[in-house]
Amino acid sequence: MSLPKQTKRSDLINRFKELGWDGPHKGRGGKHNEFMAKGAHKVKIPNKHRQDIGRDLLGMILEEASITKERWLGKESNDGSHNERG
């Protein structure tokens, strides 16, 4: 199972929200990247003025967020057998 070749920033944010994350929040003083948050866990998201998010960058964002590809794509069972924060 592979991630999409390109993902829109709005789709990234919406999927994070579906998985229980809050945001996007602005960084300190509005000078830093925006981020999504779930509890104390924060994950930076790409600038909204740039192009779509490529597969490799999406993979790095999901790894930082401890979200599996299966969960991101909605293919993981909800039997509680995973130990991720996402």
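All of the numbers you see were taken from the coordinates with simple rules; none came from a lab. Nothing here was measured: the structure is a model prediction, and the numbers come from that model. Positions of Cβ are generated from backbone atoms using ideal geometry, with glycine treated the same way; all protein chains shown enter the neighbour counts.
Step by step: first the residues of region 51-69, then only those that are assigned to a loop (DSSP other than H, G, I, E, B) and surrounded by 11 or more Cβ atoms within 10 Å (Cβ to Cβ), then the one that is farthest from the chain's Cα centre (by Cα). Which residue is that? Full working, then the answer.
Initial filter on region 51-69 (assigned to a loop (DSSP other than H, G, I, E, B)): 51-52, 65-68.
After this cut, where a residue has to be surrounded by 11 or more Cβ atoms within 10 Å (Cβ to Cβ) as well, the list is 52, 65-68.
Numbers: ASP52: 14, ALA65: 6, SER66: 9, ILE67: 8, THR68: 10 Å.
If we take residues in region 51-69 being assigned to a loop (DSSP other than H, G, I, E, B) and surrounded by 11 or more Cβ atoms within 10 Å (Cβ to Cβ), then ASP52 is farthest from the chain's Cα centre (by Cα).
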Check on PHE35, surrounded by 12 or more Cβ atoms within 10 Å (Cβ to Cβ), among the aromatic types (Phe, Trp, Tyr) and within 14 Å of LEU73 (Cβ to Cβ): no
